[in-house]
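Read-outs: derived from the displayed coordinates by stated rules, not from any lab. Treat the numbers as computed from the prediction; the structure is a model and nothing was measured. FYI the Cβ positions are ideal-geometry reconstructions off the backbone, even for glycines, and counts take in every protein chain you see.
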Amino acid sequence: MNKISKTALRRLGYDFIPPEYLPEGKDEYYLRTEQNHSTIEYRPLKLDEVAILNKNGNSSDNWNHVMVSDIFLPELVHNCNFFGLVRIGKLEPYFLEFHNLRRPVGLYNSTIISCDIGNNVVIDNVNYLSHYIIGSDVMLVNINELATTDHAKFGNGILKEGEPESIRIQLEICNENGGRSIIPFDGMLPGDAWLWSRFREDEELQTRFRQFTENEFDKRRGYYGIIGDRTVIKNCKIVKDVKTGSDAYLKGANKLKNLTINSTAEASTQIGEGCELVNGIIGPGCRIFYGVKAVRFILASHSQLKYGARLINSYLGNNATISCCEVLNSLIFPAHEQHHNNSFLCASLLMGQSNMAAGATVGSNHNSRSADGELIAGRGFWPGLCVSVKHNSRFASFIIIAKGDYPAELDIPLPFSLLSNDVSNDELVVMPAYWFLHNMYALSRNAWKYVDRDKRSDKIQLLEFDYLAPDSIQEVERALEILERLTAKAWLEQTNRSHLGIPEAKRIAATPDISHPEQRIPGTMTPPGPDSELMALGKDLLIKNESSLASLEITADGFENSSRKVRIRKLTLAYPIYRELIIHYAVTRLMDYIQSKNTGSLNDLQALLPENGIPETWVNAGGQLLKESSLHKLIDDIHSNCISSWSDIHRFYQSEAESYSRDKLYHALDVLNSVHGISIKSADPACFKKLLLQSSTTAGWITRGILDSREKDYHNPFRRMVYDSQAEMDKVIGKPDENNFIKSQFLAFENYKSAIDSLISKWNL
């Protein structure tokens with residue numbers, strides 16, 4: 001049975017705060033007074049104004065409780081019912097216009113309960129308006145319900161006085177069972193969500209994050225909803241417990257409940273037709289249109305939900321777009337694209353710059369025993385058409401997955417790889433360095449476009465978009481070791497089969513994949529000789545590019561949770577590319593450093609640099625790359641109370657951003673020394689010149705690869721066949737030499753080459 005209480009009509013609009021939660025000596029408006037920062041001075045109505053209001057079909061339980069600005073035209077108020085304390089700003093003879101919506105300033109055909117209303121506002125046909133502080137030049141038109149409750153939290157996962165823990169709103173990200181739940185709050189950055197969702201075993205840390213969040217918010221009951229200046233809300237059904245910034249535009253929404261909608265004059269947020277949003281935080285500059293359903297979510301700034309998208313129990317990072325699809329229980333770092341109706345993402349951590357194609361099912365549901373599976377993918381994750389990938393899986397940076405149903409869990413440690421399912425041979429095929437071999441255009445353009453699309457005004461976290469960065473380069477360094485081991489293993493197997501017989505070949509084949517030492521199978525035999533010897537053998541074979549390698553079948557264990565073969569394709573092409581990228585990464589970092597310091601000579605440069613770089617492991621914390629040592633210090637500082645708020649953590653992000661360029665340089669120097677045995681600190685001029693020229697050469701073939709991979713689209717007969725003429729094709733898709741991105745990359749290369757040539761000349765190398 002519905003519990004419907006009856007109270008005297010004279011109390012409508014009063015007793016907003018239950019008596020047991022009203023501090024001694026305070027009235028029910030004390031928080032309202034604290035919230036309203038307007039400078040409007042209110043006065044009681046004059047008798048003639050009351051008369052005009054009554055004549056115009058208005059009513060009030062007590063006209064003494066309707067206060068107005070000094071400039072007030074009662075003629076601009078018609079057919080309104082007022083209850084409780086209502087304060088009205090200026091009403092002047094203007095009309096407001098926004099997107100062809102034109103309405104005279106004033107209050108019309110509405111029921112208004114205990115509200116503060118700013119200057120020159122339009123309120124027209126709002127059936128129920130209750131407990132809101134409304135800014136100036138606001139337009140509220142055709143709204144069924146616009147109300148705030150005394151326990152409103154505006155999307156934050158906090159509790160108000162007297163509320164039980166059972167009603168707390170949490171985001172169950174990365175895991176459907178709630179094992180990584182976090183408490184959402186206004187201002188939560190992607191890095192915050194990542195920190196909180198990881199380190200679950202550190203109970204003290206988890207407690208501190210909860211305390212930080214609780215300390216951010218007041219537990220008192222009685223806060224009013226806010227509608228910022230120049231916000232327009234029209235043709236909406238239910239808007240309840242919603243706080244809205246300035247300059248927002250809400251039209252045709254079905255239900256908006258328990259939300260903070262951040263919006264500013266510079267970054268207006270818009271919500272459109274048919275949307276239903278409940279229990280969420282929306283950042284400034286967001287766009288949400290056409291039937292979107294979002295429940296328990298955070299949408300970071302300048303992101304979009306469109307065309308029936310469903311976002312549930314998830315955090316979507318900045319500058320991302322989700323359309324026509326379903327995302328559940330996921331943490332997605334900035335710059336994510338997912339545009340197609342039948343794609344599905346569940347219980348996943350995607351580390352940004354990702355793109356999901358139509359029909360992709362990533363994190364297909366649980367194993368029938370428990371919904372606790374997870375998936376982790378580094379930057380640049382790209383599952384293609386109709387891909388099905390299961391929990392638990394893990395992917396290095398910039399992995400593209402070809403169409404197919406992948407039957408088992410995957411662990412792919414080779415960055416920049418193409419992953420494909422060879423059904424005819426029942427094999428998993430991995431092609432490392434695929435992007436550099438076959439699709440430089442897409443790889444480079446993605447990095448370029450995300451920089452261009454980063455519209456954040458408050459860049460607390462420094463987002464890394466370059467595909468050559470500490471996270472991907474440390475994966476390249478590991479990949480080189482993996483490829484060396486796999487090559488040596490295959491070569492020894494072939495040698496043993498030729499000279500030692502089948503039994504020895506079987507012994508070699510039975511060894512576990514030492515690219516994943518933590519995954520060695522108990523009881524299996526160890527590889528011949530120390531691990532370092534195996535790597536040295538593989539490195540020697542690959543650098544010399546022995547002719548015998550051409551006939552090697554390179555396979556790997558530990559990449560897929562199955563007994564079928566995992567074949568590594570084009571390894572001998574990928575290996576030198578990986579090594580080249582290390583040099584290019586180091587030299588680009590050095591060139592930036594030289595130009596920033598205006599270094600005059602190689603000796604001057606060497607005097608400024610550390611001995612051999614600084615070895616570091618890097619992590620991706622919400623799109624910002626952090627040294628693992630810095631992360632550990634952050635956690636230690638939280639434990640010791642040196643960091644005691646989310647604001648302190650945000651200052652940590654900013655501090656790390658300030659030193660990032662230097663730290664990245666030191667990392668590059670370390671990797672260069674580790675992989676190539678070259679120390680810039682002691683390099684002679686000839687060695688340094690060779691590195692510069694090698695980097696220039698690498699930049700050249702990367703740039704040419706951008707053009708070549710795009711030109712393939714113009715020469716493919718199956719692409720050309722839909723056009724009746726070359727002229728038509730040129731008109732529809734343009735010419736490669738007219739592509740602005742390609743032109744910008746060639747210009748950047750010419751500038752880079754010139755800078756290197758100039759440095760060689762200036763330093764007499």
Please report D637, D426, D411, D247 as a ranked list, fewest other C-beta atoms within 10 angstrom at the top and most at the bottom. D426, D637, D411, D247
Distance between modelled label sites at R210 and A755, nm, 7 Å Cα→Cβ extension: 5.0 nm
Can you match semi-axes √(5λ) of the Cα gyration tensor in Å to one of these, [x] 45, 30, 26; [y] 59, 28, 26; [z] 52, 35, 25, based on a calculation from the structure here? [y]
Starting from 0.36 nm per residue, how many nanometres of slack lie between N603 and S457 once their C-alpha separation is accounted for? 48.5 nm
In whole µm²/s, the translational diffusion coefficient that Stokes-Einstein assigns to the range 28-147, given a Kirkwood hydrodynamic radius over C-alpha pairs, 37 °C and 0.692 mPa s, equals 232 µm²/s
Mean-position separation - Cα centroids, the range 192-217 and the range 50-123, in angstrom: 46 Å
Quote the relative contact order of the range 684-765 in percent (integer), defining contacts as alpha-carbon pairs under 8 Å separated by 6+ residues. 52 percent
Taking 20 Å as the cut-off for C-alpha to C-alpha distance, list the pairs among K26/K219; K544/K681; K689/K762; K597/K762; K240/K293; K240/K455 that go past it. K544/K681; K240/K455
Rounded to the nearest 500, what is the 222 nm mean residue ellipticity of the chain from helices alone, with -39500 (n - 2.57) per DSSP H run of 4+ residues and division by all residues? -10500 deg cm²/dmol
FRET efficiency, D648 to E145 (Cβ-Cβ, R0 51 Å, nearest 0.05): 0.80
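Normalising by the residue count of the chain, find the relative contact order in percent from Cα pairs under 8 Å and 6+ residues apart. Please report the intermediate quantities before stating the final value.
Details: 1713 pairs, mean separation 54.3, N = 765.
RCO, the chain: 7 percent.
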Run through the DSSP bridge list for the range 28-147 and note the antiparallel percent, rounded to the nearest 5. 20 percent
Taking I399, I376 and counting other beta carbon atoms within 10 angstrom, the fewest-first order is I376, I399
Could you name the lysines in cross-link range of K735, using Cα to Cα under 18 Å and dropping any fewer than eight places away on the same chain? K712, K743
Taking every pair of alpha-carbon atoms in the range 563-692, what share in percent sits in each 5 Å bin, from 0 to the bin with the longest distance? 2, 9, 15, 18, 14, 12, 11, 9, 6, 3, 1, 0
Mean separation of Cα contacts under 8 Å, 6 or more apart, over the residue count of the range 224-303: relative contact order %: 22 percent
Backbone N under 14 Å from the S659 label point (7 Å along Cα→Cβ), restricted to the range 576-595: none
If you wrap a convex hull around the Cα atoms of the range 684-765, how much volume per residue is inside, in Å³? 76 Å³
Could you calculate the FRET efficiency of L747 with N342 from 1/(1 + (r/R0)^6), where r is the beta carbon distance between them and R0 is 51 Å, rounded to 0.05? 0.80
